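Report on the following structure.
The values are calculated or read from the model by the stated rules, or taken from the named source; none is laboratory data. Predicted model, so just to flag it, every value in this text is computed and none were measured. Quick reminder, even Gly has a Cβ in these numbers, built from the backbone with ideal geometry, and neighbours come from all protein chains shown.
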Amino acid sequence: MIALIERVLLLCIETICLLLLVGLALAVIYSTSMRYFGASPSWYDEIASVLLAWLTYFGASYALFLRQHMSFSGIVTALPRQASIGLALFSEFLVITYFVVVAWFGNAVLAVAKWDSLLSLRWMTLDIVQSVIPISAVLMIIGTLLTMPRAVREAADGIDREHAEIEQAIADAEREKAAMARKEDRK
């Protein structure tokens, strides 16, 4: 059940990232084209900045769900089993605590930001723009909670995902190289 929830949320975040990326690309293409014709839109700079910021926050959430963020898994897996489990749990606690603080204060900013708006699009208030902070923080808390059992299990088993991925890439490259060599030998 947890894996299903994780996949559904990951798919939603992936879709949001894709839509933001397409929106940003379309805004850049439109603005560039209009600037070429001498009619540059006044809203472009602000909208492009907002879309890029939202893409960055949702992209970070996506990376967290995949456990592709920066970590020191080599240190954790080098420790004895009990110490690595303890350190993994402590680091998960720190991550969750950090994002609780970010969500709390990000939400507090929304109350102040609702009284201001973008310069070029007066209807878009800054609370809409800044809402990405608490939204992504909550997503990151959920992502951490959903992936924590896997992270603790890997720490307990001494699995360093980064090294495992590197070893897998090397093995794949060696298989590909061997296949290419066999093709060359047949010629």
request  = Consider only pairs whose beta carbons are under 9 Å apart and that are at least six residues apart or on different chains; among these, list those whose first residue lies in segment 160-184 and is among the acidic types (D, E) and whose second residue is in a helix (DSSP H, G or I) and surrounded by 10 or more Cβ atoms within 10 Å (Cβ to Cβ).
outcome  = D160/S73; D160/G74; D160/V76; D160/T77; D160/A78; D160/E154; E162/S73; E162/G74
query = Quick check, is V129 under 30 Å from P41 (Cβ atoms) and either modelled with pLDDT of 85 or more or among the hydroxyl-bearing types (S, T, Y) (or both)?
reply = yes
remark   = With the first residue restricted to segment 16-41 and required to be under 22 Å from A53 (Cβ atoms), and the second required to be modelled with pLDDT under 90 and of a type in the set (D, E), Cβ contacts under 9 Å at 6 or more apart or on different chains are S31/D45
task = Working only within segment 112-137, note down all residues that are over 19 Å from L51 (Cα atoms) and either of a type in the set (S, T, N, Q) or part of a helix (DSSP H, G or I) (or both).
result = V112
request  = Could you list all residues from segment 82-103 that are hydrophobic (A, V, I, L, M, F, W, C) and touching a residue at least 24 places away in the same chain (Cβ under 8 Å)?
outcome  = I85, L87, A88, L89, V95, I96, F99, V100, V102, A103
key: Of all residues making up segment 41-75, the number that are crowded, with 19+ Cβ neighbours inside 10 Å and either on the phi > 0 side of the Ramachandran plot or at pLDDT below 80 (or both)   = 1
